[in-house]
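J.: There's a structure below that I have some questions on.
The values are calculated or read from the model by the stated rules, or taken from the named source; none is laboratory data. Remember, predicted model here, so these are calculated numbers, not experimental data. Virtual Cβ from ideal backbone geometry, glycine too; neighbours counted across all protein chains shown. We work out accessible area using only protein heavy atoms, side chains counted, and drop any ligands, DNA or RNA first. Shrake-Rupley method; radii C 1.70, N 1.55, O 1.52, S 1.80 Å.
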Amino acid sequence: MPRAVYVLALGIFAMVTSEFVVAGLMPQMAAGLDATIPEIGYLITAFAAAMALGGPFLTIALLRMRQKSALLLLFGVFLVGNVLAALAPDYRTMLVARILTGIASQAFFGVSISLASRLTRPEVRGRAVAVALNGLMLGTLLGLPLSTVIGEHLGWRAAFWAITVLTVLAALATLAGVPSADGETEESGGLRQELGAFRNPRLWFTLTTSTFVIGATFSAFSYLNPILTEITGFSTGTVPLLLIAYGAATVVGNTVVGRLADRHAIPVLVVGLALNLAFLAGFALLAQLTVPAVVLMMGIGLVGVTMNPALVTRVQRTGNARPLVNTVHSSFITLGIIIATSVGGPAIDAFGLRAPLWIGAGLAALGLVTLLPDALRRRAGSRTESRTGSRTEPRAVPSVPAEAERPAAREVPETV
């Protein structure tokens, strides 16, 4: 695996840590910005909405740039937004900062995934994407707890300054460790060429699957803390340890899926969604029992957001591996998060804390439905191949003797 792919993972880690930092510092930020907890919660929504809506437009503006140059420019935009957040004197300034960092973050994901794909051979692209996306998993596993600890001991502004330092280090690593030769692997194309991929109806259907997969997972993840404390009965001090275990499960699952995504993207997604559906429904039914709740939560970590490498592989094969397709794909993933968090809150008010788990199970079921055409097409193709193979193999033996071919193949280089 090229070293540059690991450098891209570091950049994604910085972006994801910034994305999640607000969730761990809500009370401190509310006091420091003279805002309410719900208003601080809107900063998370604003970041996600900026990612989903603004990221593709920023990517379009960068299409003519080399991808390494685009990444460095995006680091710059992200850095400005993060510094603005660390210095924000009021809520409005913080809101602008979160929108700015959200747009830069989404475009960065798209360009990074595209570059990770283009730096590697086609047969290992899924594995390369998984390595790059380990930055996302590690952001959940390490970035959120570390930034929360820094914010609790040194103040919430210190957490944003720490992310600023991490961003500078990631930018310097990108400058030194990512090659600039974009055009050797695949031409970047202009706007018309980039937009041409979206004329394929199958691509939109494929993007929808990603929305359901990630939405199903975040329906549970967004409310794990209250579910584990109020229904399962864990103490507030135990929950962070459980969330770290959940994050570790996502790293393991992401690695496994990355290994399988290149050759078995559709089967991996079908099995992963079916298991996630079972884990979510089981968690909803057994959340009051300590051991089953932990096992089922870990199961969601293993087969939830970890489907990303297979999702990316499927999208790239349906569309292409260029930045705009990858950024729009990230927007559809973010849309899943927005749906999960926006529907989950009112559902809890109406039906209780188990409601988001049932919503997640429903979204997983919808994801399976969107996979059916590709799964049936793949099954029909494998049947055709097996029938063709069984018919041609017996005929090939008598008609083309192997002994006659081998000497001829050897004689050509000798006469030359």
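J.: Quick check: residue separation of residue 61 and residue 191 times 0.36 nm, minus the Cα distance between them. What number comes out in nm?
T.: Value of the extension gain: 45.9 nm.
J.: Which value results when the Cα radius of gyration for the range 1-101 is divided by 2.2 N^0.38 Å? Show your work: numbers first, answer last.
T.: On the way: Rg = 15.0 Å, N = 101, 2.2 N^0.38 = 12.7 Å.
In units of the 2.2 N^0.38 Å rule of thumb, it is 1.18.
J.: At 1.306 mPa s and 10 °C, plugging the Kirkwood radius over alpha-carbon pairs of the range 307-346 into Stokes-Einstein gives what diffusion coefficient in µm²/s?
T.: The estimated diffusion coefficient comes to 145 µm²/s.
J.: How far is helix 91-118 tilted, in degrees, relative to the longest principal axis of the Cα atoms in the chain, given as a value from 0 to 90 rounded to the nearest 10?
T.: That works out to roughly 20 degrees.
J.: Out of 365, 130, 14, any idea which swings most in a Gaussian network model of the chain, alpha carbons joined below 10 Å?
T.: Largest GNM mean-square fluctuation: 365.
J.: Over the range 201-355, how many percent of alpha carbon pairs lie in each 10 Å bin up to the one with the longest distance?
T.: P(r) for the range 201-355, in whole percents per bin: 11, 39, 33, 14, 3.
J.: Set Lys and Arg Cβ to +1 and Asp and Glu Cβ to -1, take the dipole of the chain about its Cα centre, and tell me which of 254, 99, 348 lies farthest positive.
T.: About the Cα centre, the residue reaching furthest to the positive side is 254.
J.: At 1.4 Å probe size, with the rest of the protein present, what percent of the exposed accessible area of the chain is carbon and sulfur atoms?
T.: About 67 percent, which is the carbon plus sulfur part of the accessible surface.
J.: Can you give me the angle between helix 308-318 and the longest principal axis of the chain, using Cα atoms only, in degrees from 0 to 90, rounded to the nearest 10?
T.: 50
J.: What whole-number value in Å² describes the accessible area per residue of the chain for a 1.4 Å probe?
T.: 45
J.: Karplus couplings for the range 168-176 from phi (6.51 cos²θ - 1.76 cosθ + 1.60, θ = phi - 60°), rounded to Hz, Gly and Pro as x?
T.: 4, 5, 5, 5, 5, 5, 5, 4, 8
J.: Continuing with the same structure: Taking 1 over the mean of 1/r across every pair of different Cα atoms in the range 279-327, what Kirkwood radius in Å do you get?
T.: 12.7
J.: Accessible area, 1.4 Å probe, largest first: how do 39, 230, 194 sort? Numbers along the way, then the final one.
T.: Working: 39 70, 230 140, 194 0 Å².
The most accessible residue leads, giving 230, 39, 194.
J.: While we're here: Calculate how steeply helix 201-221 sits against the longest principal axis of the alpha-carbon atoms of the chain, using the helix alpha-carbon long axis, and give the answer as 0 to 90 degrees to the nearest 10.
T.: 40
J.: Once Rh is set to the Kirkwood radius over Cα pairs, what Stokes-Einstein translational diffusion coefficient, in µm²/s, holds for the chain at a temperature of 10 °C and a viscosity of 1.306 mPa s?
T.: Estimated via Stokes-Einstein, D reaches 70 µm²/s.
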